[in-house]
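Asker: Got a structure here, written out as structure tokens. Questions coming.
The values are calculated or read from the model by the stated rules, or taken from the named source; none is laboratory data. For clarity, every value in this text was computed on a predicted model and none was experimentally measured. Every residue, glycine among them, receives a Cβ derived from its backbone with ideal geometry; neighbour counts consider all protein chains shown. The area values use the complete protein model at the heavy-atom level, side chains included, leaving out ligands, DNA and RNA. Shrake-Rupley method; radii C 1.70, N 1.55, O 1.52, S 1.80 Å.
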Amino acid sequence: MCGITGYIGSKNAYDIIINGLQRLEYRGYDSAGLVLYDNNDINVTKTKGKVSDLIAKTTNTTGQLGLGHTRWATHGEPNDVNSHPHTSNSGNLVIVHNGIIENYDTIKKELQNRGYTFHSDTDTEVLINLIEEVQQQNGVKLGKAVQIALNQVIGAYAIAVFDKRKPDEIIVARLGSPIAIGIGKDFEEYFVASDASPFIEYTKNAIYLDDEEMAIIRVGRKVKIRNIHDDTLVDANVQKLKMNLEQIEKGGYEHFMLKEIHEQPHAIFDTYRGRLLRNEGIIKMTGVEDNMKKFLNADRITIVACGTSWHAGLVAEYVFEEFARVPVEVEYASEFRYRNPIISEKDVVIAISQSGETADTLAAIKLAKEKGAFVFGVCNVVGSSIARETHAGAYTHAGPEIGVASTKAFTTQITVLSLIALRLARAKGTMSSSVFRMYLQELQLIPKKVEKLLEIDNHVKDIAKEYLLSTNCLYLGRGYNFPVALEGALKLKEISYIHAEGYPAAEMKHGPIALIDDRMPVIVIATGKRHYEKVVSNIQEIKSRKGKIIALITEGDTTVREIADHVIEIPDCEEPFSPLLTTIPLQLLSYYIAVMRNCNVDQPRNLAKSVTVE
Ligand code: AGP
């Protein structure tokens, strides 16, 4: 949840760290801090607030070794003192940490009994003092002390530590939270970060630590990686980064979220490119082909995910059952992992995650594997923990998603899952070849239709103006578009702080209808052909209770146009793919409402992009 960055080499560390923190701010942004080693001493600056506040507060910016941190608070409220970095009692050791040390209280008491004092409420300050205590008691080097200390802690961490008495070395370690090491030319400089974005302009060579690994980074030498628990040496797996700088910058848009909404035609195209081969009339996905038997023999498919990814899973439930006639269950990863689910080797579990780092999803995967299931990952971030933990998978290829509110991740997840469902349908014989070809063609038309939809930007902005002062909002959809109603409501909630709920349209009369009055905007997705008349009746029910209706209709629909207060036209498409279109105006609507309410769209309060804690 927090962002870590660090540098050691011959450049000015401050610029690299601040730049890196700005790119990592999506991970947490309630406080920020940095430490620089200069003139045989360390200078720590930290503050509640954002990286911009840190820049304003920092006076000393010199040094060629440093660490930075942007925080999403877990232990201790966001304030200057609880911000990272934290130093040990002697002032020699300094640490930045992403994660939670669960047994910190017990360790803290033991350390207090030995005379240690604590200034913050954080678990991180406990960890750095534990490392110091181990170092002093055992007379060992920093790397060894970190290793011994980490063997005593329970929890999750990505840490970076250095000792001011040995300023040519940074120690990093991970368990449950990501950490990447960027390797400079001839090992003359190293970068450390929660993801590769902070060092992308300096090097394309990176090592992603695995869980339970620690690395000793020394200038002029190759990185040495060890398993924290059994002390074995691990071969460094140096990866070539494909990300480029442009992808992680705003490219002229006011916010990352808007940029990412507009990237969707391209992102969806990239997702099926090379997989959907229309001329040959086939879908080719290595992860699926290689494991086709597992998919075909499965009694059912269980999907685990959180948040928006869970909504994509719900869309997939409809698509898989319709196309491939296989029973699908969709579970919140956080529930699945704790409820002793009935899963065996006959199950296929699909884990969906944009970041590939979500702690609950990761734990659900581990549990499903323990129970013998075949686990397939649908991730966006290449090389992420979930991508590595699953038996096989398919990337969404959406490109970096920086805005905390997921947009292109959702539509590309649906695209990948639809491709898998189509492929299975052919393999199982549940779809004729002509229908299959029709769907392939239809899917290829989606990017153009999304492009067309994005042109209604100003129309959506006008609607947003009318509802920016709303305090509640209802979203209704049916069938494939019920999950879109949930997703639309989540988008509005998370970035504009307006309370919103999504429901299957027919459920309205079982409770939510009581909420409808002349101040309640109701967004109704009325594009579906299967339940069209029923949804029209729901719209009438809202109208007669004076609710304000914003309806998503199929181009040319005049019936709903006459009843609704506002309509947004959606290009006609085959119903199973309609979520790829109906989602777009809902993303824009929440975006514009949030902007008009002066909310921080890319960094909504209390949220973080990747939730690596429970
Ligand atoms: C979506 O807008 C959210 N920020 C959030 O619900 C997110 O989808 C969820 O935390 C899951 O993240 P993941 O896809 O990276 O696993």
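Asker: How large is ³J(HN,Hα), in whole Hz, for each residue of the stretch 194-206 in order, when computed from phi with the Karplus curve 6.51 cos²θ - 1.76 cosθ + 1.60 and θ = phi - 60°, using x for Gly and Pro?
Answerer: So the Karplus estimates, Gly and Pro as x, are 5, 9, 6, 4, x, 10, 4, 7, 9, 7, 9, 9, 9 Hz.
Asker: Turning to a different aspect of this structure: What pairs from Lys250/Lys548; Lys465/Lys493; Lys294/Lys366 go past 26 Å between their alpha carbons?
Answerer: Violating the 26 Å Cα-Cα cut-off are Lys250/Lys548.
Asker: Relative contact order (percent) for the chain, with alpha-carbon contacts under 8 angstrom and 6 or more residues of separation?
Answerer: Relative contact order for the chain comes out at 11 percent.
Asker: Rounded to the nearest 5, what % of DSSP beta bridges with both residues in the chain are antiparallel?
Answerer: The antiparallel proportion sits near 60 percent.
Asker: According to the square roots a ≥ b ≥ c of the eigenvalues of the Cα gyration tensor, what is the shape class of the stretch 322-396, taking rounded for a/c under 1.5, prolate for a/b larger than b/c otherwise, and oblate for the remainder?
Answerer: oblate
Asker: In nm, what is the difference between 0.36 nm times the number of residues separating Lys240 and Ile342 and their Cα-Cα distance?
Answerer: 32.7 nm
Asker: Carbon and sulfur atoms: what percent of the 1.4 Å accessible area of the chain do they account for?
Answerer: Carbon with sulfur: 47 percent of the solvent-accessible area.
Asker: If R₀ is 41 angstrom, what is the calculated FRET efficiency for the pair Ser90 and Val382, using the beta carbon separation as r and rounding to 0.05?
Answerer: Once rounded, the FRET efficiency stands at 0.50.
Asker: May I pose another question? Per 0.36 nm of contour for each residue apart, how much would the distance between Asn40 and Asp290 grow if the chain were fully extended, relative to their Cα-Cα spacing?
Answerer: Length difference between fully extended and current span is 84.4 nm.
Asker: Also, quick follow-up: If packing is taken as the average number of other Cβ atoms within 10 Å across a peptide's residues, how do 129-140, 277-288, 568-579, 377-388 rank, most packed first?
Answerer: The peptides rank, most packed first, as 377-388, 568-579, 129-140, 277-288.
Asker: Please report, ordered by residue number, every helix of the chain (full DSSP H runs) that is 15 Å or longer along its axis going by C-alpha atoms and whose mean Kyte-Doolittle hydropathy reaches -0.5.
Answerer: Helices passing the filter in the chain: 13-24, 123-138, 307-324, 359-370, 408-428, 433-454, 482-496, 579-596.
Asker: Specify which residue in the list Ile301, Gly287, Ile386 is farthest towards the positive end of the charge dipole of the chain, using unit charges on the beta carbon of Lys, Arg (+1) and Asp, Glu (-1), about the Cα centre.
Answerer: Checked the options; the winner is Gly287.
Asker: Right, next: Using the alpha-carbon centroid of each, what span in Å lies between the stretch 39-61 and the stretch 158-210?
Answerer: Taking the Cα centre of each part, the stretch 39-61 and the stretch 158-210 sit 20 Å apart.
Asker: Apply the a/c threshold of 1.5 to the C-alpha gyration tensor of the stretch 181-231 and tell me whether it is rounded, prolate or oblate.
Answerer: Oblate, since a/c reaches 1.5 and b/c is not below a/b.
Asker: If you don't mind, another one. Amide H to amide H, which residues 5 or more places from Gly356 or on other chains are under 5 Å from it, using H placed in the peptide plane?
Answerer: It is Asn380, Val381, by chain and number.
Asker: Through the Karplus equation 6.51 cos²θ - 1.76 cosθ + 1.60, θ set to phi - 60°, convert the phi angles of the stretch 84-92 into ³J(HN,Hα) values in whole Hz; use x for Gly and Pro.
Answerer: 8, x, 10, 10, 7, 4, 6, x, 8
Asker: Let me ask something additional. Quick one: divide the alpha-carbon radius of gyration of the stretch 458-506 by 2.2 N^0.38 Å and tell me what you get.
Answerer: 1.16
Asker: Moving on. Evaluate E = 1/(1 + (r/R0)^6) for Asn12 and Glu102, where r is the Cβ-Cβ distance and R0 equals 45 Å; express this FRET efficiency to the nearest 0.05.
Answerer: 0.75
Asker: While we're looking at this one, here's another question. Could you give the alpha-carbon Rg of the stretch 189-302 over 2.2 N^0.38 Å, rounded to two decimals?
Answerer: In units of the globular-protein estimate, the stretch 189-302 measures up at 1.52.
Asker: Give me the one-decimal nm value for the distance between modelled label points at Glu201 and Lys428, 7 Å along each residue's Cα-to-Cβ direction.
Answerer: Taking the two extended label points, one gets 5.0 nm.
Asker: Go through Lys346/Lys371; Lys185/Lys224; Lys224/Lys609 and tell me which ones have a Cα-Cα distance over 20 Å in this structure.
Answerer: Pairs exceeding the cut-off: Lys224/Lys609.
Asker: Another question about this same structure. What shape does the stretch 60-178 take by its C-alpha gyration tensor, where a ≥ b ≥ c are the square roots of the eigenvalues and a/c under 1.5 counts as rounded, a/b above b/c as prolate, and the rest as oblate?
Answerer: Judged from the Cα gyration tensor, the stretch 60-178 comes out rounded (a/c under 1.5).
Asker: Under a 5 Å amide H to amide H cut-off, with H placed in plane at 1.01 Å, what residues pair with Ile568 once short-range neighbours are removed?
Answerer: Ala551, Leu552, Ile553
Asker: Nearest 500 deg cm²/dmol is fine: what mean residue ellipticity at 222 nm does the chain get from its DSSP H runs of n ≥ 4 alone, each adding -39,500 (n - 2.57), divided by its residue count?
Answerer: -11000 deg cm²/dmol
Asker: Also: Starting from the alpha-carbon convex hull of the chain, give the projected area averaged over all orientations, in nm².
Answerer: Mean orientational projected area (the chain, Cα hull): 27.8 nm².
Asker: Work out the FRET efficiency for Phe118 and Asn606 from their Cβ-Cβ distance, taking R0 = 25 Å, and round it to the nearest 0.05.
Answerer: After rounding, the FRET efficiency stands at 0.45.
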